[in-house]
Structure formats: structure tokens, C-alpha cells
1. Among the residues of segment 13-66, what is the count of those that are at pLDDT below 75 and in a helix (DSSP H, G or I)?
2. Evaluate segment 83-100: report whether one residue or more is farther than 22 Å from residue 159 by Cβ and more than 13 Å from the chain's Cα centre (by Cα).
3. Out of the residues in segment 88-102 that are touching a helix residue (DSSP H, G or I) at 6+ places or on another chain (Cβ under 9 Å) and outside any loop (DSSP other than H, G, I, E, B), state the one that is farthest from residue 62 (Cα to Cα).
4. Could you give me the residue pairs with C-beta distances under 7 Å whose first residue belongs to segment 68-97 and is under 19 Å from residue 30 (Cα atoms), whose second residue is part of a helix (DSSP H, G or I) wherever it lies, and which are 6+ apart or on separate chains?
5. Which one is farthest from the chain's Cα centre (by Cα), of the residues in segment 103-122 that are assigned to a loop (DSSP other than H, G, I, E, B) and surrounded by fewer than 13 Cβ atoms within 10 Å (Cβ to Cβ)?
6. What is the number of the single condition among (1) surrounded by 14 or more Cβ atoms within 10 Å (Cβ to Cβ); (2) over 18 Å from residue 160 (Cα atoms); (3) at pLDDT 90 or above that residue 71 does not meet?
7. When residue 128 is evaluated against the numbered criteria (1) modelled with pLDDT of 95 or more; (2) surrounded by 12 or more Cβ atoms within 10 Å (Cβ to Cβ), which criterion, by number, is the only one it fails?
8. So, in segment 68-84, exactly how many residues are under 20 Å from residue 32 (Cα atoms) and in contact with a helix residue (DSSP H, G or I) (Cβ under 7 Å, 6 or more places away or on another chain)?
């Protein structure tokens, strides 16, 4: 049975110091900080998730920065993470949907579809994405278009639970 890794606080004083001259270590620290600051549970090196309040009955996935990794390694880590997430989803019957909202989804919709997701295109989703883009632009000047990909609980478990 796969296990889910829970990230420890990267700002804990007992955490080993990171050498500033190592790009890989700096990117790992950046990923750790991102997961911690945004409240995501870390699954592996690049994949994290957040279970949203009961009214949404959904699990939101997130990819941390991975510019240091090749495409093959990213895909391997995503598939590995999805298998671990399937264990989480199978043990939590409240989760009815898995989704991702990102510029990555907007830029790579075919990849998301290949992974089993559906790209949402309703007017409600377009309004949500538009407001998220405005907030993102105001907070961190990121104005890239966003898209939403979703997958039902049943489909995710069928596809990724071994």
C-alpha cells in the first residue's frame, strides 16, 4: 500500500541549513516553502494537495515549481503522486472530485486530458478563473490565463488506485 508523505515545517530551526550555491537544494527549499505557506499536503517532490471544506467535497492538486526537472521526470512524479493521492481519496469518502486550476492547465490541456481530466469550459468556471486571474495579478503580478481540469472520484480511483 502506498503511503502519503506529510511535509514538515521547513522553517523549523532543526531543519538542516541549505547551501546557497546549490540550485537543486534551493529549488527543493522553494518547493517546501510553497507547500507549507499555502497549506498543501506534500505528496512528493512536486505534487501537493488540499482537501477543501465539506461543502465542496473536492481535492485540489498543485504542482510546485519544477524548472530543474526534465519532462520525463515531471511526468513520472505526477503519475507517482496520483497513485499516492488515490490512496488518500479512497480512504476519504467525502472527496467526490479532483481538480486543478492553473496556467499549466491552460497551456497543456491535452496533457491533462491524457491524464484523465476534463477541461471545464462553463461560464461559471470562466468567471471564477477571471476573478482568480485578477487576484493573482494584484498579489504577485501573474497575469497568465488559467484553466480548470476536473476528474470524478470514481474515474480517478479507477485510473490510479492499484
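The values are calculated or read from the model by the stated rules, or taken from the named source; none is laboratory data. Every value quoted in this text rests on a predicted model; they were computed, and no experiment measured them. Don't worry about glycine lacking a Cβ; one is built from the backbone with ideal geometry, like all the others, and counts go over all protein chains shown.
1. The qualifying residues number 3.
2. First, pick out the residues of segment 83-100 that are farther than 22 Å from residue 159 by Cβ: none.
No, the conditions are met nowhere in segment 83-100.
3. Taking segment 88-102 and keeping what is touching a helix residue (DSSP H, G or I) at 6+ places or on another chain (Cβ under 9 Å), we get 89-90, 93, 95-98, 100-101.
Cutting the leftovers down to outside any loop (DSSP other than H, G, I, E, B) gives us 89-90, 97-98, 100-101.
Working: 89: 15, 90: 19, 97: 14, 98: 11, 100: 7, 101: 8 Å.
Among those that are touching a helix residue (DSSP H, G or I) at 6+ places or on another chain (Cβ under 9 Å) and outside any loop (DSSP other than H, G, I, E, B), it is 90.
4. Short answer, once both residue conditions are applied: 68/23; 68/24; 68/27.
5. Of the residues in segment 103-122, the ones assigned to a loop (DSSP other than H, G, I, E, B) are 108, 115-117, 120-122.
Still in the list and also surrounded by fewer than 13 Cβ atoms within 10 Å (Cβ to Cβ): 121-122.
Details: 121: 20, 122: 22 Å.
Per the stated criteria, the residue is 122.
6. Unmet condition: (1).
7. The one condition residue 128 does not meet is (1).
8. 2
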